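Colleague: Sharing a structure here in structure tokens format.
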Amino acid sequence: FRLLNHRKLNFLFVFVSLTLFVLESGIDDRFHLLWAFVLAGSIAFLAFILNLLTLDGARAAVMLGLIAYGFGGFESAFILVSFFLTSNLVGLFYVKDNENPLRSITDRRNGTQVWSNAFWFAIFVCMWYVLKADFMFVAAIGAIATACADTWSTEFGTRKSGKTVLITSREEVKPGTDGGISIFGTFAALIGALFIASLTLLFDKNYPGVTFLAIALGGFLGAMVDSLLGAIFQTGDKRLPNFLDASSDEDNNSVNFLATGIGAIITIIIYNLVIYVMV
């Protein structure tokens with residue numbers, strides 16, 4: 001059964017954005033939000049023209065960009081755009097079934113794929129805007145770190161020859177199998193999480209070292225959870241509820257949806273635990 005789809009999520013975040021716009025924002029914030037809408041629309045339109053996004057993917061990207069820059073500020077927008085750009089760059093060299101040396105750039109991301117990777121990011125950014133609690137912002141970046149780690153692991157791990165095994169049974173499988181892990185793919189996941197975490201060091205914040213550690217670990221462990229869920233629900237007979245409306249990739253999108261949320265929660269736990277020990 002389908003609980004959500006990209007259209008419902010677009011309307012949900014339109015409602016949330018309008019509510020925050022009216023109830024929580026001041027005059028300066030409102031001009032900033034309007035400017036964020038213009039920028040998000042321009043970037044999404046460019047991504048559509050470049051065949052990086054489908055039309056519904058561009059609509060989702062407008063709302064996501066509005067939330068990232070309008071409510072999260074330049075840092076969250078910069079990290080989100082960095083994730084999107086690097087994911088598409090590494091995707092150009094994605095090998096599918098060891099047949100295609102280059103993935104076609106026309107393999108565009110749709111609205112479901114956008115929200116399956118960025119739903120929890122958007123939720124935590126909005127919560128941070130209202131509550132101004134640091135751990136909410138850190139959780140949002142942890143969700144993106146999970147998505148980045150999973151993407152890099154898939155893209156690089158699939159095109160690198162080597163032994164790939166199911167994370168649950170250690171059974172050897174073909175590279176690219178859902179739930180399969182390899183040494184190279186696991187290393188790529190770690191680098192992807194570290195990449196997103198390192199971007200936070202470019203900005204001033206409380207406890208930058210703790211933030212870096214929590215996001216790096218949360219993102220990496222979230223990607224491992226993604227592999228675990230993939231092995232259980234995509235490779236085996238069990239199936240997840242179809243959290244997001246999709247076609248052939250419905251299981252993968254549902255797994256990404258859950259894994260990014262779990263990665264965000266892991267990030268919160270690590271962040272708060274380390275600060276508690278320090279204080």
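The values are calculated or read from the model by the stated rules, or taken from the named source; none is laboratory data. Just so we're clear, the structure is a prediction, and the values are computed from it rather than from any experiment. Cβ coordinates were reconstructed from backbone atoms using ideal geometry, including for glycine residues, and neighbour counts include every protein chain displayed. Heads up: the accessible areas ignore ligands, DNA and RNA and are worked out on the full protein's heavy atoms, side chains in. Shrake-Rupley method; radii C 1.70, N 1.55, O 1.52, S 1.80 Å.
Colleague: Check whether at least one residue in the stretch 52-61 is of a type in the set (V, I, T), open to solvent by less than 60 Å² (accessible area, probe 1.4 Å) and without any contact (Cβ under 8 Å) to a residue 24 or more places away in the chain, and report yes or no.
Modeller: Applying the first criterion (of a type in the set (V, I, T)) to the stretch 52-61 yields 54.
Add one more test, that the residue is open to solvent by less than 60 Å² (accessible area, probe 1.4 Å), and what stays is 54.
The next check asks that each one be without any contact (Cβ under 8 Å) to a residue 24 or more places away in the chain; those that pass are none.
Looking through the stretch 52-61, none of the residues is of a type in the set (V, I, T), open to solvent by less than 60 Å² (accessible area, probe 1.4 Å) and without any contact (Cβ under 8 Å) to a residue 24 or more places away in the chain.
Colleague: Which of the residues that make up the stretch 157-181 are among the hydroxyl-bearing types (S, T, Y) and open to solvent by less than 20 Å² (accessible area, probe 1.4 Å)? Give the steps one after another, and end with the answer.
Modeller: Going residue by residue through the stretch 157-181, those that are among the hydroxyl-bearing types (S, T, Y) are 158, 161, 164, 168-169, 177.
Residues satisfying the conditions are T158, T164.
Colleague: Looking at the stretch 190-209, which of the residues that are in contact with a Cys (Cβ under 9 Å, 6 or more places away or on another chain) and open to solvent by less than 50 Å² (accessible area, probe 1.4 Å) is farthest from T151 (Cα to Cα)?
Modeller: Start the filter on the stretch 190-209 by keeping residues that are in contact with a Cys (Cβ under 9 Å, 6 or more places away or on another chain), which leaves 192-193, 195-196.
Still in the list and also open to solvent by less than 50 Å² (accessible area, probe 1.4 Å): 192-193, 196.
On the way: G192: 8, A193: 10, I196: 12 Å.
My answer is I196.
Colleague: All but one of (1) touching a strand residue (DSSP E or B) at 6+ places or on another chain (Cβ under 9 Å); (2) among the hydroxyl-bearing types (S, T, Y); (3) open to solvent by 60 Å² or more (accessible area, probe 1.4 Å) hold for S227; which doesn't?
Modeller: (3)
Colleague: Inside the stretch 1-49, can you point out the residues that are of a type in the set (F, W, Y) and farther than 15 Å from L66 by Cα? It would help to see each step written out before you state the result.
Modeller: Going through the stretch 1-49, the residues of a type in the set (F, W, Y) turn out to be 1, 11, 13, 15, 21, 31, 35, 37, 45, 48.
Hits for the stretch 1-49 are F1, F48.
Colleague: Tally time: how many residues in the stretch 120-146 are surrounded by 24 or more Cβ atoms within 10 Å (Cβ to Cβ) and at pLDDT below 95?
Modeller: Total meeting the criteria: 0.
For (1) under 26 Å from R7 (Cβ atoms); (2) among the β-branched types (V, I, T); (3) modelled with pLDDT under 95, each residue gets a yes or a no:
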{"position": "S198", "(1), (2), (3)": "no, no, no"}
{"position": "L201", "(1), (2), (3)": "no, no, no"}
{"position": "L217", "(1), (2), (3)": "no, no, no"}
{"position": "F220", "(1), (2), (3)": "no, no, no"}
{"position": "A231", "(1), (2), (3)": "no, no, yes"}
{"position": "D237", "(1), (2), (3)": "no, no, yes"}
{"position": "F243", "(1), (2), (3)": "yes, no, yes"}
{"position": "N253", "(1), (2), (3)": "yes, no, yes"}
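Colleague: For the stretch 178-194, indicate whether the set of residues that are modelled with pLDDT under 95, of a type in the set (A, V, I, L, M) and not in a helix (DSSP H, G or I) is non-empty.
Modeller: yes
Colleague: Now for a different question. Is there a residue being out of contact with any Gly (no Cβ under 6 Å at 6 or more places or on another chain), touching a residue at least 12 places away in the same chain (Cβ under 8 Å) and crowded, with 19+ Cβ neighbours inside 10 Å anywhere in the stretch 21-31? Explain how you work it out, then say what you get.
Modeller: Taking the stretch 21-31 and keeping what is out of contact with any Gly (no Cβ under 6 Å at 6 or more places or on another chain), we get 21-31.
Imposing the further condition that a residue be touching a residue at least 12 places away in the same chain (Cβ under 8 Å) reduces the set to 21, 24.
Of the ones still in play, those that are also crowded, with 19+ Cβ neighbours inside 10 Å are none.
Scanning the stretch 21-31 turns up no residue that is out of contact with any Gly (no Cβ under 6 Å at 6 or more places or on another chain), touching a residue at least 12 places away in the same chain (Cβ under 8 Å) and crowded, with 19+ Cβ neighbours inside 10 Å.
Colleague: Limited to the stretch 195-216, what total is found for residues that are of a type outside the set (A, V, I, L, M, F, W, C), touching a residue at least 24 places away in the same chain (Cβ under 8 Å) and assigned to a loop (DSSP other than H, G, I, E, B)?
Modeller: Final tally of qualifying residues: 3.
Colleague: Next question, about the same structure. Do we have any residue at all in the stretch 41-49 that's without any contact (Cβ under 8 Å) to a residue 60 or more places away in the chain and outside any helix (DSSP H, G or I)?
Modeller: no
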